[in-house]
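FYI, it's all coordinate maths here, none of it is from the lab. Just so we're clear, the structure is a prediction, and the values are computed from it rather than from any experiment. So basically every Cβ, Gly included, is an ideal-geometry build from the backbone, and we count neighbours across all protein chains shown.
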Amino acid sequence: PEKVTVPSLRASKERGEKLVCLTAYDYPTARIIDEAGVEIVLVGDSLGNVVLGYENTIPVTLDEMVSATRAVRRGVTRALLVADMPYGSYHTGADDAVRAALRLIKEGGAEAVKLEGGRKRLQLIERLIAEEIPVMGHIGLTPQSVNQLGGFRLQGKTLEAARALIEDARALEAAGVFSIVLELVPREVARIITEAVKIPTIGIGAGPHCDIQVLVIHDLIGLSFTENRKPRFVRQYANMRQIMTEAISRFAEDVRSGSYPAEDESYAVSPETAAELEL
Ligand code: KIV
Ligand code: NA
């Protein structure tokens, strides 16, 4: 299959193809996702929650994002590789934002960056694009706004909020983003936006009308610690936590009983050396 590129995504939308996006934060997972034929691999700043154990994405640093992106880069050959701009990396001015994005691209190997926010990010997005950096937008629930929002709730529910989201999407498209993540918005709003723009929409908790669907890989495989508050949009396809717990318990049992390691799981000296050692 052909390499996925920024222009090929738009062509896929024109052909009405539904595409797949997943997050990855390390080499083996990235390789499995890419080899499974997923079109976009996103090094999300969800890294903070699912891998680093933070409460939310606020503390994630640019160094952490660059490091994860470098690992993922080595595992991805076909998919488009996108990296999140972490909180603080694009909030202090366009020059700082360009510098941060260039680190994700030059050191990390990302082919594009994603940043959160609608109309308030237009100038910034135009500047990044002017520096040859493809940008993915992200509106609806923007987790980097958690301290302002006071939690993770459905966005765009009222008429006014829905209209604001639609305007944000149109403005992002006009500024030149190559796709837009719609997070936790009503399916009707996602449908209107998807029909209103020529670039693909990437939905998470945004219903069936988006061009592309994205999930956090740890949610998909049952490796995230969200069981008490699993969002309704998560469909869990495996229980890796249970599989890992069983494997670890069996290993511990075998060590304690002395059945691990067996003879063929250890090494011997040569027969001559054994004789010399008087074994
Ligand atoms: O950080 C992330 O994983 C994301 C996706 C959920 C879109 O931004
Ligand atoms: Na993110």
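Some values worked out for this structure:
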read-out	value
Dipole of the chain, positive direction: furthest Cα of Asn239, Val189, Ser257, with charges on the beta-carbon	Val189
GNM top mover of Glu35, Glu160, Glu116 - the chain, alpha-carbon springs below 10 Å	Glu160
Trypsin sites (Lys or Arg not before Pro) restricted to DSSP loop in the range 190-279 with at most 10 other C-beta within 10 Å	Lys198, Arg232, Arg235
For the chain, built as a Gaussian network whose Cα springs stay under 10 Å, the top-fluctuating residue of Val41, Val216, Val255	Val255
Trypsin sites (Lys or Arg not before Pro) within the range 1-110: DSSP coil, no more than 13 neighbouring Cβ in 10 Å	Lys3, Arg15, Lys18
Sparse-neighbour loop sites [chymotrypsin sites (Phe, Trp or Tyr not before Pro); the range 186-261; at most 14 other C-beta within 10 Å; DSSP]	Phe225, Tyr237
Mean separation of Cα contacts under 8 Å, 6 or more apart, over the residue count of the chain: relative contact order %	15 percent
Cα-based radius of gyration of the chain once divided by 2.2 N^0.38 Å, which approximates compact folds	1.20
Angle in degrees between helix 159-175 and the longest Cα principal axis of the chain, rounded to the nearest 10	80 degrees
DSSP-defined beta bridges in the chain - what % are antiparallel, rounded to 5	5 percent
Under-23-angstrom lysine pairs by C-alpha in the chain, whenever the two are 8 or more apart or on separate chains	14
Euclidean distance between Cα centres, the range 1-25 to the range 67-104, Å	19 Å
GNM top mover of Ala68, Ala24, Ala252 - the chain, alpha-carbon springs below 10 Å	Ala252
At 1.002 mPa s and 20 °C, Stokes diffusion of the range 1-98 via Kirkwood alpha-carbon radius, µm² per second	150 µm²/s
Positive dipole terminus of the chain, leading residue within Gly118, Ile133, Ala275 (C-beta point charges)	Gly118
Charge dipole (debye, nearest 20) of the chain; +1 at Cβ of Lys and Arg, -1 at Cβ of Asp and Glu	1620 debye
Relative contact order computed over the range 183-279 (Cα-Cα under 8 Å; 6+ residues apart), in percent	16 percent
Spherically averaged projected area in nm², based on the convex hull that wraps the Cα atoms of the range 147-272	14.5 nm²
222 nm mean residue ellipticity, helices alone, for the chain (DSSP H n ≥ 4; -39,500 (n - 2.57); rounded to 500)	-12000 deg cm²/dmol
